[in-house]
Structures are given as structure tokens and as C-alpha cells.
1. Take the residues of region 55-72 that are in contact with a Phe, Trp or Tyr (Cβ under 7 Å, 6 or more places away or on another chain) and not β-branched (Val, Ile, Thr): which is surrounded by the fewest Cβ atoms within 10 Å (Cβ to Cβ)?
2. Restricting to region 81-113, count the residues that are crowded, with 17+ Cβ neighbours inside 10 Å, more than 14 Å from the ligand (Cβ to nearest atom) and of a type in the set (Lys, Arg).
3. Find the residue count for region 62-95, including only residues that are small (Gly, Ala, Ser), assigned to a helix (DSSP H, G or I) and under 23 Å from Asn144 (Cβ atoms).
4. Can you tell me which residue among Lys127, Lys132 is of a type in the set (D, E, K, R), part of a strand (DSSP E or B) and modelled with pLDDT of 95 or more?
5. Here is a list of conditions, (1) in a loop (DSSP other than H, G, I, E, B); (2) within 16 Å of the ligand (Cβ to nearest atom); (3) within 19 Å of Glu116 (Cβ to Cβ), and Pro22 meets all of them except one; can you say which number that is?
6. What number of residues within region 46-81 are over 19 Å from the mean Cα position of the chain (by Cα) and closer than 19 Å to Ala5 by Cβ?
7. Scan region 53-64 and report the pairs whose first residue is within 26 Å of Lys142 (Cβ to Cβ) and whose second residue is among the acidic types (Asp, Glu) and in a strand (DSSP E or B), with Cβ atoms within less than 7 Å and a gap of 6+ or a chain change.
8. Every residue in region 1-50 that is among the charged types (D, E, K, R) and at pLDDT below 95, please.
Amino acid sequence: MKILAIGRNYAEHIAELKNEVPDEPVIFFKPDTAILRNNEPFYFPDYSQDIHHEVELILRISKEGKNIGAKFASKYYDAIGLGIDFTARDLQAKAKSKGLPWTLAKGFNGSAPISEFLPLTDFPDLKNINFKLLVNGEEKQKGNSSMMLNSFDDMLAYMSRFITLKTGDIIFTGTPAGVGPVKIGDRLEGFIEDKKLLDFEVK
Ligand code: MG
């Protein structure tokens, strides 16, 4: 399986990193080796001094598809969960300044903790899903799917023009404002609405 992610999908997060609103969606990969499940701890690696949390709604692809029309895209995922798109901001800044890919900054081991998935039937309105991240009990990020620049269906339509989506693939749908560094000893707790889906430590 693969993980596809969209960057710069929430206006306030674009502003906080002083990026420009992209003309076209920014898409990148994470490898399956980035995944942490079951609230396994995240081990802070020695090649970065500045790893940021980015809490995101994630989709589970349930059907193979390419060139999916936006109006049919909702047939291609069956569940929603929560993930952290850990980003080595120092490596990413270096790559960005040279116009180089984000592969290592976004795809390193453990950079994709994911929760269990909740069936779509748990969500009466996909354009109104609240989610948030607490670090050491303090709210750091809060988002609502209504604030995405590209909706779930629009981003799947776009991605699938280039890359075939397969059953079991996971889509990271972008982070709201409030990203920031984590350090050893931090506890991260992620929620969709009032349901706690992530609860793990940085070690
Ligand atoms: Mg992200």
C-alpha cells in the first residue's frame, strides 16, 4: 500500500508557514514504513532537530480507481481516521530552498502515526468534521473539514489522474494551523469530534 498526502490544504496553515496558496494541489508520498499503529511511541530521530506535528484527517481507499471523477470519488473510500504527518521541518526547509523533493523530510521512519478507522456511516456530514490535537494536555491544533481548500472528493479526483489509487491506500488530507515542534517526553492526543483516536508518546 501507499500513502498519498496533500500539502497546503488549509489557508491558515499556509499563512503560518508563509507559503503561497498553490495554483494546483501539492501532493507527496510517504512510504508504508512510515506508519505507526496502535499508539506505538514515536522515536525522535538523530537527523533532525525540528520535527513538527501536523494532525490530519485520513481516508482509507476501498476500491481501485484512476481518473476518478470528483462526483464519484466518495465511492472510493469507506472510512476516516486521524493521522500525524510528522515533518522534519529543518530538512524540509533545506529541500525547499534548493527546490529539491521532500522525500526524507516527510517519509522518514515513524513519520505517519495513524489511528483506527471509523466507517463513513459515522459521519453525517463529511464537510463538517471537527478534529484536534493536544500536546501534553494543551490544545495545539484544531480544524474542521469545511476549511479544506480541496475537498476529499476533489483531492482524490486530482491524485487519481496521475496515480492509481488501490484498496488499502491511505490519504492524508492536510493540516490546519497550529503546527509546531515536538520533543522527547511529549504526549500527543488526537480527537475526531469528542472521540480520542490517538494517544502516544515521543521517546
Ligand atoms: Mg501535512
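The values are calculated or read from the model by the stated rules, or taken from the named source; none is laboratory data. Since this is a predicted model, take the numbers as computed values, not measurements. Reconstructed Cβ throughout: ideal geometry from the backbone, glycine too, with neighbour counts over all protein chains shown. We work out accessible area using only protein heavy atoms, side chains counted, and drop any ligands, DNA or RNA first. Shrake-Rupley method; radii C 1.70, N 1.55, O 1.52, S 1.80 Å.
1. Across region 55-72, the extreme among qualifying residues is Lys63.
2. The number of residues fulfilling the criteria is 0.
3. 3
4. Lys132
5. Of (1) in a loop (DSSP other than H, G, I, E, B); (2) within 16 Å of the ligand (Cβ to nearest atom); (3) within 19 Å of Glu116 (Cβ to Cβ), only one is false for Pro22: (3).
6. The number of residues fulfilling the criteria is 5.
7. Going by the 7 Å Cβ cut-off, the qualifying pairs are Arg60/Asp78.
8. Arg8, Glu12, Glu16, Lys18, Glu20, Asp23, Glu24
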